[in-house]
Structure formats: C-alpha cells, structure tokens
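Working notes for the structure below.
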Amino acid sequence: MSKKIFSGVQPTGNLHLGNYIGAIKNFVDLQNDPNNFCIYCVVDLHAITVKQNPEELKKNIRETTAAFIASGLDYKKSIIFNQSLVPAHSEGSWILSCIARMGWLNRMTQFKEKAGKDKEKASVGLYIYPILMAADILLYDATHVPVGGDQKQHLELSRDIANKFNLDFNSPDFLIAPEPLIQKNFARIMSLKDGNKKMSKSDPSELSRINLNDSTDEIFNKIKKAKTDTQPLPENENDLATRPEAENLLGIYSSLNDQSIKNTINEFSGKNFSEFKEKLASLVVDKISPISSEIKKLLKDEKFIDEVLNNGAQKADKIASAKIKNLKKIIGL
Ligand code: AMP
Ligand code: TRP
C-alpha cells in the first residue's frame with residue numbers, strides 16, 4: 001500500500017542521537033521506500049510556543065534543515081519546508097480549534113509536563129499546540145506519521161479531530177485519521193548518565209547526550225564516561241529488564257548497525273563494558289561524523305538551505321491551500 005508520510009521536528013537547538021535514531025533515521029528509511037510520498041516539516045510555529053531568541057530561531061531553522069539533508073533526506077524525493085512559510089497551517093489550526101474540545105486538550109500530558117507547576121503563566125499557544133500539529137497532518141491527508149512514543153497522545157487527538165469534523169459536517173473521509181508509526185525497538189534513547197531518563201536537549205549535563213555536531217574526541221569521551229553497572233554484558237535479552245544502562249547502550253549499537261538487539265548480545269555477551277564501549281564509540285563516530293561534517297558544510301551556504309525551504313514550501317502550499325479551500329467550503333465559509 002502506498003503511504004503518505006508527514007512528520008515534523010522543532011527547530012529548538014542541538015539535535016542529538018535520540019532525535020537521529022528515534023526520528024530522522026526513520027524519516028530517511030521511509031523516504032527511500034518508493035511506495036511512500038513523504039513530507040518533512042521544520043515546525044517553527046511550534047517552537048515559538050515557548051520564548052525564542054529571534055536570531056537563534058533563524059539559525060536553528062537552518063540547522064535542523066541541514067541536519068535533515070545531511071542525514072539523507074533528499075529534497076528531490078521528499079518535500080522539505082518550514083511551517084511558517086505555508087499560511088494554511090495557521091489558518092487550519094484556527095478552524096480545527098473550533099472542532100477540538102477543551103476536555104480533550106486538558107488530558108494532554110505533554111502540556112502538563114512542559115507548563116510545569118505554574119500553568120497560568122504558560123502561553124495559550126503551548127496549550128493549543130496539539131491542534132496546530134493536527135492541522136499540519138490533516139492538511140496533507142497524511143496516512144502515517146512517524147514520531148517518538150511521546151507524541152502518541154497528540155496523534156490520537158488528531159484522529160479525534162478528523163473524526164469529529166467528518167461527522168459534524170457529514171463529510172465522511174474528508175479528513176483522514178492518521179496512523180502513528182512508532183518504532184518498536186529503540187523508540188526511546190536514554191540519557192548516558194541515567195538509563196531511566198530520556199536523552200534530551202534540555203538535560204543540563206552535556207555528558208548525558210551525544211549531539212550530532214560532537215567531535216570524535218567528545219563522542220569517545222562521553223561514551224567512555226557513560227554510566228554502566230559492574231557486571232559483564234548480558235548473555236540474553238531477559239537480563240536487560242533490570243539493567244537499563246546496558247539496554248540503552250546495546251540499543252544504540254543495534255540501531256546504528258541495523259541489527260537486532262539479540263545479535264548484538266550474541267556479539268558481546270560475557271565481554272566487559274570497556275571493550276564494548278570502544279566498539280560502540282567507533283560505530284557512533286562512523287555514523288555521526290559524516291553527518292556532522294555535512295551539516296557544517298551545508299550551513300556555510302545559507303542561500304542553498306533557504307532555497308530548499310522555499311521550494312519545498314511552494315510545493316507544500318499547493319497541497320495545503322487546496323485542502324483549506326475545500327475545508328472552508330464544507331463549513332460554509
Ligand atoms: P523534539 O526534539 O522533542 O522536538 O523531538 C523531535 C523528534 O525526535 C520527535 O519525533 C521525538 O519523539 C524524537 N526524540 C526526541 N528525543 C528522543 C529520544 N531520547 N529517543 C528517541 N526519540 C526521541
Ligand atoms: N510535536 C512534535 C514534537 O515535538 C513535532 C510536530 C509538530 C509533529 N507537528 C507535527 C510531528 C506533525 C509529527 C507530525 O516532536
């Protein structure tokens with residue numbers, strides 16, 4: 001079956017190994033299946049739900065785009081653009097906010113986490129963030145959305161909005177309820193300092209994550225210092241249940257080498273961590289360094305990156321503005 005894929009990444013600074021394994025690597029695999037039509041968006045309107053420095057934001061939009069291209073996304077095969085260049089996203093978001101119910105949004109756990117204790121001070125944008133995300137997806141009739149496990153609830157909200165709209169306006173199948181594509185293995189890459197915490201750009205410890213622009217020395221050093229337990233590497237997968245750090249490092253190795261965790265365990269069982277960490281660091285460097293140097297090279301040519309985004313936006317705009325036109329017709333505007 002042919003799939004229409006849509007996904008987005010926020011341009012909020014340093015991309016790390018979790019973003020690469022959990023999202024971007026998957027985007028590339030999906031793009032390279034000729035049955036798929038893929039649209040990848042740098043979601044800059046989502047980024048401004050929390051305060052951004054304008055100069056930094058501009059830089060981060062280009063950097064995320066460069067990371068997409070350096071990782072293997074091809075603007076000739078996929079549509080690559082940034083959200084704010086296509087007005088239909090904002091317009092669609094308003095219309096869909098009249099379909100979504102307060103009760104649905106009140107259940108969103110990410111808002112609760114991001115708003116923290118003082119939710120009165122959170123922006124209204126942060127609260128309605130999932131509606132903009134629904135507009136992103138529904139305007140392109142996307143059938144499948146590759147995301148990390150943390151976005152599953154937002155995808156369910158998009159499905160609820162699509163179904164309610166179709167029902168309210170007696171327009172069956174006009175909006176397509178999208179399916180999430182969540183990787184079964186390696187869906188969550190954990191912090192190198194705590195196997196129970198997600199690798200995240202907001203972690204204050206640099207040693208907790210590997211950034212896509214880390215040097216070879218930084219990568220070797222971070223992996224050398226990564227937390228482990230005192231036992232040798234496990235003999236079988238069941239032993240990983242109580243060893244989150246071992247599971248995470250073996251998961252990173254397996255994912256980057258495109259092999260099952262079982263095969264990785266067979267390769268290293270009984271060996272000690274120092275030997276495994278050497279191999280892991282070399283593998284991470286092999287996979288990440290070419291991406292990192294390509295990002296640096298691409299960022300020197302801002303004109304080229306802006307052109308990729310502008311050309312992508314033109315293609316996206318054709319699809320999204322046609323959908324908005326029909327959407328408005330259905331509701332009597
Ligand atoms: P974010 O940086 O939170 O906007 O995430 C961009 C994409 O990377 C989303 O699809 C996330 O689910 C994914 N992602 C972020 N952190 C991780 C992680 N530690 N492990 C796996 N996927 C992640
Ligand atoms: N909310 C997503 C995240 O933080 C990013 C996003 C915005 C997105 N719009 C989207 C992902 C549409 C998939 C589809 O990771």
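At a glance:
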{"item": "The stretch 3-30 residues that are within 22 Å of LEU207 (Cβ to Cβ), paired with ones that are assigned to a helix (DSSP H, G or I) and within 12 Å of ligand 2 (Cβ to nearest atom) (beta carbon under 8 Å, 6 or more apart)", "result": "THR12/ALA47; LEU15/ILE24; LEU15/THR64"}
{"item": "Options ASN326, ASN266: the member that is assigned by TED's automatic domain parsing to the domain that holds PHE81 and assigned to a helix (DSSP H, G or I)", "result": "ASN326"}
{"item": "Neighbours by Cβ (under 7 Å, 6+ apart or cross-chain): first from the stretch 145-169, over 19 Å from LEU126 (Cα atoms); second in a strand (DSSP E or B) and of a type in the set (A, V, I, L, M)", "result": "VAL145/LEU181; PRO146/ILE5; PRO146/LEU181"}
{"item": "Residue check, ILE95 more than 15 Å from ligand 2 (Cβ to nearest atom), assigned to a helix (DSSP H, G or I), aliphatic (A, V, I, L, M) and modelled with pLDDT of 95 or more", "result": "yes"}
{"item": "Boolean, LYS117 is free of Cβ contacts under 8 Å to residues at least 24 places away in the same chain, open to solvent by 30 Å² or more (accessible area, probe 1.4 Å) and either away from ligand 1 (no atom under 14 Å from the Cβ) or part of a helix (DSSP H, G or I) (or both)", "result": "yes"}
{"item": "Among (1) assigned to a loop (DSSP other than H, G, I, E, B); (2) over 24 Å from ASP203 (Cα atoms); (3) in contact (Cβ under 8 Å) with a residue 60 or more places away in the chain; (4) under 20 Å from the mean Cα position of the chain (by Cα) - the single one ASP74 does not satisfy", "result": "(3)"}
{"item": "Options ARG107, ARG62; residue that is in contact (Cβ under 8 Å) with a residue 40 or more places away in the chain and surrounded by fewer than 15 Cβ atoms within 10 Å (Cβ to Cβ)", "result": "ARG107"}
{"item": "Those residues of the stretch 2-16 which are aliphatic (A, V, I, L, M) and either more than 9 Å from ligand 1 (Cβ to nearest atom) or open to solvent by less than 10 Å² (accessible area, probe 1.4 Å) (or both), in sequence order", "result": "ILE5"}
{"item": "LYS201, sole failed condition from (1) away from ligand 1 (no atom under 11 Å from the Cβ); (2) touching a strand residue (DSSP E or B) at 6+ places or on another chain (Cβ under 7 Å); (3) open to solvent by 30 Å² or more (accessible area, probe 1.4 Å); (4) not assigned by TED's automatic domain parsing to the domain that holds LEU126", "result": "(1)"}
{"item": "Residue within the stretch 266-281 that is within 23 Å of the chain's Cα centre (by Cα) and open to solvent by 50 Å² or more (accessible area, probe 1.4 Å) present", "result": "no"}
{"item": "Of residues in the stretch 135-168 being more than 16 Å from ligand 1 (Cβ to nearest atom), in a helix (DSSP H, G or I) and among the hydrophobic types (A, V, I, L, M, F, W, C), the one most open to solvent (accessible area, probe 1.4 Å)", "result": "LEU167"}
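The values are calculated or read from the model by the stated rules, or taken from the named source; none is laboratory data. What you are looking at is a predicted structure, and each value in this text was computed from that prediction instead of being measured. FYI the Cβ positions are ideal-geometry reconstructions off the backbone, even for glycines, and counts take in every protein chain you see. SASA here: full protein model, heavy atoms, side chains in, ligands and nucleic acids out. Shrake-Rupley method; radii C 1.70, N 1.55, O 1.52, S 1.80 Å.
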